[in-house]
Amino acid sequence: MSRLTEMFTITTLAISATAMGQPVLDGQLDASYPAASALQGIATNFGNSDFGQPGFSNGSELDAIHVDFQDGSIVIFLSGNLESNYNKLEVFIDARDGGQNQLRHDNPDVDFDGLRRMGNSNANATDGLVFDDGFEPDAWISLTCGDDGFGGFVTYASFAELRTNGNGTGLFLGSGSSGSDVMNGENGITIAIDNSNIDGVGSGTGSDCGIDVNTGMEISIPSFAIDWDFEGLPFDDIKVCAFINGGGHDFVSNQILPGIPPSDNLGEPRGLDFNNIPGNQYASMGDVANDCPTYNYGACCLGEVCQVLDADNCTAGGGTYLGDDTTCDDNPCLPPDCPSDINGDGSIDVNDLLQLLSDYGNPCV
Ligand SMILES: [Ca+2]
Ligand SMILES: [Ca+2]
Ligand SMILES: [Ca+2]
């Protein structure tokens, strides 16, 4: 191919890609993406990144999710960060009939058995992670990143089918790096990351907002990876649930999309049931989230017991609501420690002194 022809071909490809509206896989949010289907409403308890580098990141957060089907591929953009300590981004995709509302025990052994770490612990157990009713994912992708051992930034990813009766195909997709150094998986899946976000949600467990973040994790899945019987499935109803998990797929953060109300990290994925958490923890293609969700969550005193609850549920249950985003740290529901209030009437006065004098000389038993 002559240099001129080569340039022409490259230019033509670039123009046709733009004309067809395909996103460029580089971890930056392209104009071709639809509006966010969900926005994060709480701070991250897995670290707020402030490095500002495309590669290495010192925190994980999921700020927004965009989902589309473009030119034969499912495209998913998750704005935010993935900490470069080999924590895991878990992405579950429901794009066809069937699937696994509860993760099974007989899924393929991929990523050091990381997928099965979240599922039923054996054929008779029912302790696998349960998604909200109406969400039955058919595929799973997990992305991780960190130091390659030589000071360079590297990404790895895995894919698995989540067939209704288990025993789907799974594979290691390969490795990549940041920006346009994308990972090209054997089955046509491509993944890019740009970790440079320093905005979005901050650190903590209270309310926050993940709006206006335009860098993060970008995934393109050719339809045949999920249309495994080549039926020409329409892919007009795609749902996605994403969350940040610990390095062993064994400790779920509080960064879920669509999000959860203000909360600490969720922890153990086994036994986790998203039906027990308000709202749908899955987003549908076509959903539009213009604003971050808002929550009236805070510490609620039920006697001396403190629980972070929704304000209405707190008062309906006879509790005292201490205000939005208050926490149960150092149990604020316990009476103040006031040893000089000897008779316990809430004030220190002459009656405490008289009580002391009347007790004077008695043995403490
Ligand atoms: Ca499905
Ligand atoms: Ca942030
Ligand atoms: Ca739910």
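The values are calculated or read from the model by the stated rules, or taken from the named source; none is laboratory data. Just so you know, these numbers come straight off a predicted model, no measurement behind them. Cβ coordinates were reconstructed from backbone atoms using ideal geometry, including for glycine residues, and neighbour counts include every protein chain displayed.
Data for the structure
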quantity	calculated
Options Asp147, Asp132; residue that is in contact (Cβ under 8 Å) with a residue 24 or more places away in the chain and over 23 Å from Glu268 (Cα atoms)	Asp147
Residues within region 193-219 that are under 16 Å from Val182 (Cα atoms) and surrounded by 24 or more Cβ atoms within 10 Å (Cβ to Cβ), tallied	7
Count of residues meeting criterion [β-branched (Val, Ile, Thr) and either surrounded by 12 or more Cβ atoms within 10 Å (Cβ to Cβ) or in contact (Cβ under 8 Å) with a residue 60 or more places away in the chain (or both)] in region 103-126	1
Residue in region 82-100 that is on the phi < 0 side of the Ramachandran plot, of a type in the set (Gly, Ala, Ser) and more than 16 Å from ligand 2 (Cβ to nearest atom) present	yes
Residue in region 194-204 that is in contact with a Leu (Cβ under 7 Å, 6 or more places away or on another chain) and within 30 Å of Asp325 (Cα to Cα) present	yes
Qualifying residue in region 267-281 (condition: surrounded by 14 or more Cβ atoms within 10 Å (Cβ to Cβ), closer than 18 Å to Val91 by Cβ and touching a Ser or Thr at 6+ places or on another chain (Cβ under 7 Å))	no
Subset of region 247-260 [surrounded by fewer than 19 Cβ atoms within 10 Å (Cβ to Cβ) and out of contact with any helix residue (DSSP H, G or I) (no Cβ under 7 Å at 6 or more places or on another chain)]	Gly247, Phe251
Filter pass, Ser253 being under 26 Å from Ile219 (Cα atoms), of a type in the set (Ser, Thr, Tyr) and assigned by TED's automatic domain parsing to the domain that holds Asn85	yes
Given (1) within 16 Å of ligand 1 (Cβ to nearest atom); (2) not assigned by TED's automatic domain parsing to the domain that holds Gln70, number of the condition Asn280 does not satisfy	(2)
Residue satisfying all of: in region 87-102; more than 19 Å from Phe224 (Cβ to Cβ) and free of Cβ contacts under 8 Å to residues at least 60 places away in the same chain; nearest to ligand 1 (Cβ to nearest atom) among these	Asn101
Count of residues meeting criterion [assigned to a loop (DSSP other than H, G, I, E, B) and exposed (fewer than 11 other Cβ atoms within 10 Å of the Cβ)] in region 315-343	8
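To keep it simple, each residue is scored yes or no on (1) of a type in the set (Val, Ile, Thr); (2) over 17 Å from Ile219 (Cβ atoms); (3) in contact with a Phe, Trp or Tyr (Cβ under 6 Å, 6 or more places away or on another chain).
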site	(1), (2), (3)
Val24	yes, no, no
Gly27	no, no, no
Ala31	no, yes, no
Ala38	no, no, no
Thr44	yes, yes, no
Asn48	no, yes, no
Gln53	no, yes, no
Val67	yes, no, no
